[in-house]
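The values are calculated or read from the model by the stated rules, or taken from the named source; none is laboratory data. Predicted, not measured: the structure shown is a model, and the values here were computed from it. Cβ placement follows ideal geometry from the backbone for every residue including glycine, while neighbour counts extend to all protein chains displayed.
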Amino acid sequence: MEIKRPSDSLTIMNELVLPNDTNMLNNLMGGRLLHWMDICSAMSAFKHSKHICVTASVDDVSFNHPIKLGNVVTLQAKVVRAFNTSMEVYIEVYSQDLRNDIKLKSNEAFYTFVALDDAGVRIKVPTVQPLTDDEQKLYDYALIRKQQKLLTSGKISINEAPELKATFERLIKGEAYSTGLNRF
């Protein structure tokens, strides 16, 4: 099976925040942003797998700064890890006020997609080869997040999740832990 780099799936999308996209405070509505994030992440997953992809989950969505009417929103997504038929996509959102050139990282999240063939059956996806330290951290944390989801859904026991178990043990010892967010 083919091996791909995260940069192979990089997808960049731009949107202009118009009045119809905002709430009564002239801020971009969260639901509209999540819609754009889902589209951008899905395109990234499609680029990686070359197949139709459906959203399986959304993790750790953070809203750090409001996005205002008239701002340009730039969404950047890339596949950071692939499992058998699923992929984790890391997406970052930046807002920019073109009048004064202020650009802020507004949001980020992890989306999980499953690749399907034309009959709607799950299909194997290429693996991901991280090249940079940041890509390696995202790659490693993706496995921990997957194990956490499987554990909380009752599909595995903690003993079947050695990376997650080691993370819990570090937390008990008082060592620092990061999900991979706000680190890049």
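Pull up segment 138-163, narrow it to residues that are of a type in the set (A, V, I, L, M) and farther than 25 Å from residue 77 by Cβ, then point me to the one that is surrounded by the most Cβ atoms within 10 Å (Cβ to Cβ).
If we take residues in segment 138-163 being of a type in the set (A, V, I, L, M) and farther than 25 Å from residue 77 by Cβ, then 161 is surrounded by the most Cβ atoms within 10 Å (Cβ to Cβ).
Go through (1) within 20 Å of residue 61 (Cβ to Cβ); (2) at pLDDT below 95; (3) part of a helix (DSSP H, G or I); (4) of a type outside the set (Asp, Glu) and name the single condition residue 138 misses.
Looking at each condition in turn, residue 138 falls short on (2).
Residue 95 passes all but one of (1) in a strand (DSSP E or B); (2) farther than 23 Å from residue 4 by Cβ; (3) at pLDDT below 95; which number fails?
Of (1) in a strand (DSSP E or B); (2) farther than 23 Å from residue 4 by Cβ; (3) at pLDDT below 95, only one is false for residue 95: (3).
What residue, of 84, 20, is loosely packed, with under 14 Cβ neighbours inside 10 Å, out of contact with any helix residue (DSSP H, G or I) (no Cβ under 7 Å at 6 or more places or on another chain) and either assigned to a strand (DSSP E or B) or in contact (Cβ under 8 Å) with a residue 40 or more places away in the chain (or both)?
Just a single option satisfies the conditions, and that option is 84.
Is it the case that segment 32-50 has a residue that's in a loop (DSSP other than H, G, I, E, B) and of a type in the set (S, T, N, Q)? So that I can check it myself, show each step before the final result.
Step one: filter segment 32-50 for residues in a loop (DSSP other than H, G, I, E, B), giving 50.
Add one more test, that the residue is of a type in the set (S, T, N, Q), and what stays is none.
Taking every residue of segment 32-50 in turn, none turns out to be in a loop (DSSP other than H, G, I, E, B) and of a type in the set (S, T, N, Q).
Any idea which of 97, 118 is loosely packed, with under 11 Cβ neighbours inside 10 Å and either among the acidic types (Asp, Glu) or within 20 Å of the chain's Cα centre (by Cα) (or both)?
118
Could you tell me how many of the residues in segment 121-132 are over 8 Å from residue 85 (Cβ atoms), touching a residue at least 40 places away in the same chain (Cβ under 8 Å) and in a loop (DSSP other than H, G, I, E, B)?
Qualifying residue count, segment 121-132: 4.
Restricting the first residue to segment 152-175 and requiring it to be part of a helix (DSSP H, G or I), which pairs with a second residue that is among the aromatic types (Phe, Trp, Tyr) and modelled with pLDDT under 85 meet a Cβ separation below 7 Å and a spacing of at least six or different chains?
Listed pairs, sorted by first residue: 167/177; 170/177; 171/177.
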